[in-house]
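S.K.: One structure, as structure tokens, below. Some questions next.
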Amino acid sequence: MDSIRYLGVHFVRGRYFKCNPDNAKASFYRAFNAVYGRIGRSGSEEVVLQLIRFKCMPCLLYALEACPVNKTQLRSLEFTLNWVLMKVFRSMSMDVIAECRCWFDLLEMETLIAKRKQMFMAKYVQSDNVLCQLFAHVENV
């Protein structure tokens, strides 16, 4: 057994703490296919992107604020989102996808994860939980 699932996060066996986002990507694809299968080409790109943002992206980003993400995993997550955008915008050009991401305010995965980590740490430090306060105090020392 190389990994174990706990609360929907797959931890990989090894010397260092590591998570495997492959199941999150599979959940993201399932959520996208469910959304796109229902509205597909009949809905506008704005509607599809809003549904992706609020229904699918949480599947992809689940627990990444608490897990270390290396460059390979980051590129894989970025590709996952870009592939979906290529399907929505019916273009294989990365220039077109980059422009669409800019217009529709779809941030890079690295930025999305960094923002989630920042919000997680802010809530963690302000928590009333004694263990959270202890670890936050140790981290600041």
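S.K.: For the stretch 1-31, give me each residue that is of a type in the set (S, T, N, Q) and either touching a Pro at 6+ places or on another chain (Cβ under 7 Å) or under 14 Å from residue 61 (Cα atoms) (or both). Explain how you work it out, then say what you get.
M.R.: Residues of the stretch 1-31 that are of a type in the set (S, T, N, Q), as a first pass: 3, 20, 23, 27.
20, 23, 27 - these are the residues of the stretch 1-31 that are of a type in the set (S, T, N, Q) and either touching a Pro at 6+ places or on another chain (Cβ under 7 Å) or under 14 Å from residue 61 (Cα atoms) (or both).
S.K.: Quick check: anything in the stretch 85-92 of a type outside the set (Val, Ile, Thr), at pLDDT 90 or above, exposed (fewer than 14 other Cβ atoms within 10 Å of the Cβ) and in contact with a helix residue (DSSP H, G or I) (Cβ under 6 Å, 6 or more places away or on another chain)?
M.R.: Yes, the stretch 85-92 contains a residue that is of a type outside the set (Val, Ile, Thr), at pLDDT 90 or above, exposed (fewer than 14 other Cβ atoms within 10 Å of the Cβ) and in contact with a helix residue (DSSP H, G or I) (Cβ under 6 Å, 6 or more places away or on another chain).
S.K.: So, one more: Scan the stretch 115-132 and tell me whether some residue there is surrounded by 14 or more Cβ atoms within 10 Å (Cβ to Cβ) and under 18 Å from residue 54 (Cα atoms).
M.R.: There is at least one residue in the stretch 115-132 that is surrounded by 14 or more Cβ atoms within 10 Å (Cβ to Cβ) and under 18 Å from residue 54 (Cα atoms).
S.K.: Output the number of residues of the stretch 104-120 satisfying the condition of being closer than 30 Å to residue 16 by Cα and touching a residue at least 24 places away in the same chain (Cβ under 8 Å). Full working, then the answer.
M.R.: Step one: list which residues in the stretch 104-120 are closer than 30 Å to residue 16 by Cα, which gives 107-120.
When the remaining residues are screened for being touching a residue at least 24 places away in the same chain (Cβ under 8 Å), the result is 108-110, 112-113, 116-117, 119-120.
Counting residues in the stretch 104-120 that are closer than 30 Å to residue 16 by Cα and touching a residue at least 24 places away in the same chain (Cβ under 8 Å) gives 9.
S.K.: For the stretch 93-103, indicate whether the set of residues that are in contact (Cβ under 8 Å) with a residue 40 or more places away in the chain, in a helix (DSSP H, G or I), under 20 Å from the mean Cα position of the chain (by Cα) and surrounded by fewer than 16 Cβ atoms within 10 Å (Cβ to Cβ) is non-empty.
M.R.: no
S.K.: A further question follows. Check off (1) within 19 Å of residue 86 (Cβ to Cβ); (2) surrounded by 13 or more Cβ atoms within 10 Å (Cβ to Cβ); (3) touching a helix residue (DSSP H, G or I) at 6+ places or on another chain (Cβ under 8 Å) for residue 53 and give me the number that stays unchecked.
M.R.: Of the numbered conditions (1) within 19 Å of residue 86 (Cβ to Cβ); (2) surrounded by 13 or more Cβ atoms within 10 Å (Cβ to Cβ); (3) touching a helix residue (DSSP H, G or I) at 6+ places or on another chain (Cβ under 8 Å), the odd one out for residue 53 is (3).
S.K.: Would you check if residue 122 is at pLDDT below 95, more than 29 Å from residue 42 (Cα to Cα) and out of contact with any helix residue (DSSP H, G or I) (no Cβ under 7 Å at 6 or more places or on another chain)?
M.R.: Criteria met by residue 122.
S.K.: Sticking with this one: Of everything in the stretch 35-68, what is free of Cβ contacts under 8 Å to residues at least 12 places away in the same chain and either over 29 Å from residue 121 (Cβ atoms) or in contact with a Phe, Trp or Tyr (Cβ under 8 Å, 6 or more places away or on another chain) (or both)? Give them in sequence order. Before you say what the answer is, go through the steps one by one.
M.R.: Looking only at the stretch 35-68, we keep the residues that are free of Cβ contacts under 8 Å to residues at least 12 places away in the same chain, and these are 37-38, 40-44, 47, 50, 54, 58.
Passing the criteria: 37, 38, 40, 41, 42, 43, 44, 47.
S.K.: Another question, then. Restricting to the stretch 1-59, and then to whatever is among the hydroxyl-bearing types (Ser, Thr, Tyr) and part of a strand (DSSP E or B), can you tell me which residue is nearest to the chain's Cα centre (by Cα)?
M.R.: Applying the first criterion (among the hydroxyl-bearing types (Ser, Thr, Tyr)) to the stretch 1-59 yields 3, 6, 16, 27, 29, 36, 42, 44.
In the following step, the residues that additionally are part of a strand (DSSP E or B) were identified as 3, 6.
Values: 3: 20, 6: 18 Å.
Within the stretch 1-59, the match that is nearest to the chain's Cα centre (by Cα) is 6.
S.K.: Filter the stretch 104-141 for residues that are in a helix (DSSP H, G or I) and among the hydroxyl-bearing types (Ser, Thr, Tyr) and give the result. Please lay out each step first, then the result.
M.R.: Filtering the stretch 104-141 down to residues in a helix (DSSP H, G or I) leaves 109-125, 130-140.
Correct list: 111, 124.
S.K.: Assess whether residue 78 counts as being in a loop (DSSP other than H, G, I, E, B), closer than 21 Å to residue 19 by Cβ and among the charged types (D, E, K, R).
M.R.: no
The values are calculated or read from the model by the stated rules, or taken from the named source; none is laboratory data. Values in this document were obtained by computation on a predicted structure and should not be read as measured data. A quick note on method: Cβ atoms are made from the backbone with ideal geometry, for glycine too, and the neighbour counts reach across all protein chains shown.
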